[in-house]
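The values are calculated or read from the model by the stated rules, or taken from the named source; none is laboratory data. A quick note: this is a predicted structure, and the numbers were derived from the prediction, not measured. In this analysis, Cβ positions are derived from the backbone assuming ideal geometry, glycine residues included, and neighbour counts consider all displayed protein chains. Quick note on the areas: whole protein, heavy atoms, side chains included, nothing else; ligands and nucleic acids left out. Shrake-Rupley method; radii C 1.70, N 1.55, O 1.52, S 1.80 Å.
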Amino acid sequence: MEAQDYLKPTPDPSPDTAPFWNGLKEGKLLLQACAECGKVRHYPRPVCPHCYALEHRWVEAKGTGAVHSWTISHHAFHPGFKPELPYILVTVDLPEGVRMQAQLKGADAGALRLGLPVKIGFEAATENLVLPVFVVA
């Protein structure tokens, strides 16, 4: 799919976030870990929120998690999402100690529950953009 055919908003990777997006293209969920205190953080950012160090490394996440919360969107905040209505957005507790939000694919609202085991999936949005999604494990 060409980028001009994709109707949803797309990220504009920065030097701090590019490894995250490149990892998704390779089928990996990469998270930042502080090089000083070792704490994992998500979303990617230049400064550790725990010790304020600037150095970090990238670690591959296990790709599993448990649903912490969810919302079912019945109204598209952007026209590109209209064909998918209603869709489910989940906040997932990852075993690495962070939470991540993404769309839940392949499940209906009746399957939702706190602690529902999920795993990461990778959805090609355009030729150069892969988005993280979650699927029921």
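Condition check ((1) within 19 Å of Phe122 (Cβ to Cβ); (2) in contact with a Cys (Cβ under 8 Å, 6 or more places away or on another chain); (3) open to solvent by less than 50 Å² (accessible area, probe 1.4 Å)) across all residues:
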| position | (1), (2), (3) |
| --- | --- |
| Leu24 | yes, no, yes |
| Thr64 | yes, no, no |
| Ser69 | no, no, yes |
| Lys82 | no, no, no |
| Tyr87 | yes, no, yes |
| Leu104 | yes, no, yes |
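Taken over the range 10-22, the criterion of being open to solvent by less than 60 Å² (accessible area, probe 1.4 Å) and in a helix (DSSP H, G or I) is satisfied by Ala18, Pro19, Phe20, Trp21.
Of all residue pairs spaced 6 or more apart or on separate chains, those with beta-carbon atoms under 9 Å, a first member in the range 104-128 that is within 17 Å of Lys8 (Cα to Cα) and a second member that is assigned to a strand (DSSP E or B) and of a type in the set (Gly, Ala, Ser) are Lys105/Gly121.
State all residues of the range 52-86 that are without any contact (Cβ under 8 Å) to a residue 24 or more places away in the chain and touching a helix residue (DSSP H, G or I) at 6+ places or on another chain (Cβ under 7 Å); if no residue qualifies, say none. Ala76, the sole residue that qualifies. Of all residues in the range 31-51, exactly one satisfies the criterion of being open to solvent by 30 Å² or more (accessible area, probe 1.4 Å), in contact (Cβ under 8 Å) with a residue 24 or more places away in the chain and aliphatic (A, V, I, L, M), namely Val40.
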